[in-house]
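The values are calculated or read from the model by the stated rules, or taken from the named source; none is laboratory data. Quantities reported herein were computed from a predicted structural model and do not represent experimental measurements. Glycine gets a Cβ as well: all are built from the backbone with ideal geometry, and neighbour counts include every protein chain shown. Only protein heavy atoms, including side chains, enter the accessible area calculation; ligands, DNA and RNA are left aside. Shrake-Rupley method; radii C 1.70, N 1.55, O 1.52, S 1.80 Å.
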Amino acid sequence: MPDNPHALPGQAFALPGQRLIALEGRDAAVFAQAQFMNDVKGLADGHWQWSGWLTPKGRAVALFALLRLSAERIWLVVPDADADALVEALKRFVFRSKVAIATREDQVIEGRFGAPERASGAAIDGNGDDSVEIDLSGDGGARTLRIVAAGRAAAADADLAERWAEADLRHGLPRLPASQASQWTPQQLSLDRLRGYSVKKGCYPGQEIVARTHFLGKAKRGLALYRSEGPVEAGAKLMAGEETLGEIVACAGDWALAVTGLDREPTPAQAGATQLQPQPLSAGLER
């Protein structure tokens, strides 16, 4: 079933919670390679990947789509983290690098439930001089994300934006609120499903923790998808009777992602007074 059966095919809508950060200059790709958890050096121009920025202890500060328009132009589509705070934090690591980091207030992120016009898989359409399109289609249906000039952006639609977030969760893309930032490793967020981090690219903040967990096989927790029968909040304990199964890390509409143990099958649970039923994660967002 499509993620949004009520959306008109081709109807674009702004995603006001999502922001664009631009890294531009001679050392843009080099800086991104040194700071972010995925392999920017191995990513071809005109392609994108999931990535993120970690604490030195390997916890995810922010998750984002990283677009390599060229070696001198790296864009980050940041869905949840405070983009302004992220820019200021990244600037502290620039040192002598020839790179400028800034939010792009002249650009707006918008979504559409429908197939991209030209983008496909990890291949981007556009070079940043006009609109940029990426393919967010998965098993739940076709989706397109576009970066457009603010003056040409579609109107916001709260219902469609929530359905967009629900689709992200159903495909295992965590939408972390501020309370969940710097709490979880990439493995605990099952970002291997999205090919969202690298254990072979070399040093970056948190790399030692990520690599050690990977090579020693110590990942004991990962994401599980639930559909709730009432309101739940990120940070709530996921319980089965008196047993703690894990913690809810992201919510949208009737859907929730929880970090739970990998040593047992998903089971019906509750968060407070709300009942939750386990659901299979959809595939297709790996890049």
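Note the full-extension length gain between residue 117 and residue 254 as 0.36 nm times their separation in residues minus their Cα-Cα distance, in nm to one decimal.
Going from the current span to full extension adds 46.3 nm.
Among 87, 210, 259, the largest mean-square fluctuation in a Gaussian network model of the chain (Cα springs under 10 Å) belongs to 87. Measure off, as a whole percent, the carbon and sulfur share of the 1.4 Å-probe accessible area of the chain, all protein chains present. That share works out to 50 percent. Per residue, the accessible area of region 48-194 comes to 40 Å² when a 1.4 Å probe rolls over the protein heavy atoms.
State the extension gain, in nm to one decimal, for the chain segment bounded by residue 71 and residue 45, taking 0.36 nm per residue of separation less the distance between their alpha-carbons.
Values: separation 26, 0.36 × 26 = 9.36 nm, distance 0.70 nm.
Once the chain is fully extended between residue 71 and residue 45, it gains 8.7 nm.
Qualifying trypsin sites (Lys or Arg not before Pro) in region 113-192, where qualification requires a DSSP coil assignment and no more than 12 other C-beta atoms within 10 Å, comprise 118. Of 200/220; 200/237; 98/218, which sit over 31 Å apart, Cα to Cα? The pairs that break the limit, which is 31 Å between Cα atoms, are 200/237; 98/218.
Calculate, for residue 94 and residue 265, the FRET efficiency according to 1/(1 + (r/R0)^6) with r their C-beta to C-beta distance and R0 45 Å; round to the nearest 0.05. According to the calculation, E is roughly 0.45. Note on residue 156 and residue 127: their simple-model spin labels are 3.4 nm apart, each label 7 Å out from Cα toward Cβ. Model label points for residue 82 and residue 244, set 7 angstrom from Cα along the Cα-to-Cβ axis, are 2.7 nm apart. Between the entries [x] 0.98; [y] 1.04; [z] 1.30, the label attached to Cα Rg over 2.2 N^0.38 Å calculated for this structure is [x].
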